[in-house]
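Peer 1: Would you mind keeping the following structure in view while I ask a few things?
Read-outs: derived from the displayed coordinates by stated rules, not from any lab. Quick caveat, the model's predicted, so the values are computed rather than measured. Glycine also receives a Cβ, built like all others from the backbone with ideal geometry; neighbour counts cover every protein chain displayed.
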Amino acid sequence: MKLMICTSNKKKFEELYSILESLKKDANLDLEFVSPPKEIEVEEYANTFLSNAYLKAKAYYDAFGIPALADDSGLVVEALSDNLERPGVYSSRFYKDSFGSNVLKEDDFKLSKDELNNLKVLRLLEKEENRKAKFVSVVAIVLSNNYGIFGEGELKGSIAKEPSGNFGFGYDPIFIPEGYATTLANIENKDKISHRRKALESVFFILKKVL
Ligand code: ITT
């Protein structure tokens, strides 16, 4: 069976692909992971990771008629969250969010999107003692028109005082996983411990039963 890995984020694609290949080998499943024939624009208008993951996978399934896998993920910082988790489902575009927008100055906008997101979190936490955070990933697989399966994974940790490391992407340079003394961007085997691996393991558990 062909399974499309549906994301516009190149680094996320690489992580999904590499974890999926290792799970496939362990499960001895006849699966071929492919890229979608072309990228499509999906409006992620829902307010949960689960709904957004489903929206992405379903949009690709509807466009190409091939079983589709999508991940919706993000960082949740305890001190920045109230009834809304932040950056949460808005992780990718947090630097543009009106919440805390005064901490970024005009001059900062020469930085990349990931650097701006990290800078904003660090500035918002400047005087904050509670640095607890977690990464969340929800993976949806749409197998046919009315049949979707899901998996969720979390990685607990804390926010560093400054960015460090080059592995991974997004918020990895400012996130220290529980039990480690350094950021995820300094940890070469991220794929073995990540929220994404946990989400894929849990959806694979179901996939093995239904294929
Ligand atoms: P697609 O929707 O096309 O998959 P995206 O990057 O927009 O790509 P999301 O909407 O799921 O994906 O946003 C996830 C954001 O959360 C991502 O851009 C990062 O900023 C952050 N993020 C998610 N997983 C991460 C990880 O493993 N390490 C660091 N940051 C991560």
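Peer 1: Checking Asn189 against (1) under 18 Å from Glu21 (Cα atoms); (2) buried (at least 18 other Cβ atoms within 10 Å of the Cβ): exactly one of these is not met. Which one?
Peer 2: Evaluating Asn189 over (1) under 18 Å from Glu21 (Cα atoms); (2) buried (at least 18 other Cβ atoms within 10 Å of the Cβ) leaves (2) as the failure.
Peer 1: Starting from residues that are touching a residue at least 60 places away in the same chain (Cβ under 8 Å) and in a loop (DSSP other than H, G, I, E, B), keep the ones in region 1-17 and report whichever is surrounded by the most Cβ atoms within 10 Å (Cβ to Cβ).
Peer 2: To start, the set of residues in region 1-17 that are touching a residue at least 60 places away in the same chain (Cβ under 8 Å) comprises 1-7, 9, 11-12, 15-16.
Still in the running and in a loop (DSSP other than H, G, I, E, B): 1, 6-7, 9.
Numbers: Met1: 11, Cys6: 29, Thr7: 24, Asn9: 14.
Going through the qualifying residues, I end up with Cys6.
Peer 1: Looking at Asp71, Asp62 in this structure, which one is surrounded by 23 or more Cβ atoms within 10 Å (Cβ to Cβ), on the phi < 0 side of the Ramachandran plot and outside any loop (DSSP other than H, G, I, E, B)? Steps first, answer last, please.
Peer 2: Working: Asp62 fails: surrounded by 23 or more Cβ atoms within 10 Å (Cβ to Cβ).
Answer to the selection: Asp71.
Peer 1: Using the structure shown, decide if Leu50 is more than 16 Å from Leu16 (Cβ to Cβ), of a type in the set (A, V, I, L, M) and within 11 Å of the ligand (Cβ to nearest atom).
Peer 2: Values: more than 16 Å from Leu16 (Cβ to Cβ): yes; of a type in the set (A, V, I, L, M): yes; within 11 Å of the ligand (Cβ to nearest atom): no.
It is false that Leu50 is more than 16 Å from Leu16 (Cβ to Cβ), of a type in the set (A, V, I, L, M) and within 11 Å of the ligand (Cβ to nearest atom).
Peer 1: Pairs under 9 Å by beta carbon, first residue closer than 23 Å to Phe135 by Cβ in region 33-54, partner among the acidic types (Asp, Glu) and in a loop (DSSP other than H, G, I, E, B), six or more apart or different chains?
Peer 2: Ser51/Glu44; Asn52/Glu44
Peer 1: Hey, does region 106-123 have a residue that's outside any helix (DSSP H, G or I), within 16 Å of the ligand (Cβ to nearest atom) and of a type outside the set (D, E, K, R)? Step through it out loud before you land on a result.
Peer 2: Keep residues of region 106-123 that are outside any helix (DSSP H, G or I), which gives 111-112.
In the following step, the residues that additionally are within 16 Å of the ligand (Cβ to nearest atom) were identified as 111-112.
Still in the running and of a type outside the set (D, E, K, R): 111-112.
Among the residues of region 106-123, at least one is outside any helix (DSSP H, G or I), within 16 Å of the ligand (Cβ to nearest atom) and of a type outside the set (D, E, K, R), which makes the answer yes.
Peer 1: Additional query: Given (1) under 19 Å from the mean Cα position of the chain (by Cα); (2) more than 14 Å from the ligand (Cβ to nearest atom); (3) part of a helix (DSSP H, G or I); (4) closer than 25 Å to Ser158 by Cα, where does Leu20 come up short, assuming only one miss?
Peer 2: Condition not satisfied by Leu20: (4).
Peer 1: Exactly one of these conditions fails for Lys110: (1) farther than 28 Å from Val34 by Cα; (2) surrounded by 13 or more Cβ atoms within 10 Å (Cβ to Cβ). Give me its number.
Peer 2: Unmet for Lys110, out of (1) farther than 28 Å from Val34 by Cα; (2) surrounded by 13 or more Cβ atoms within 10 Å (Cβ to Cβ): (2).
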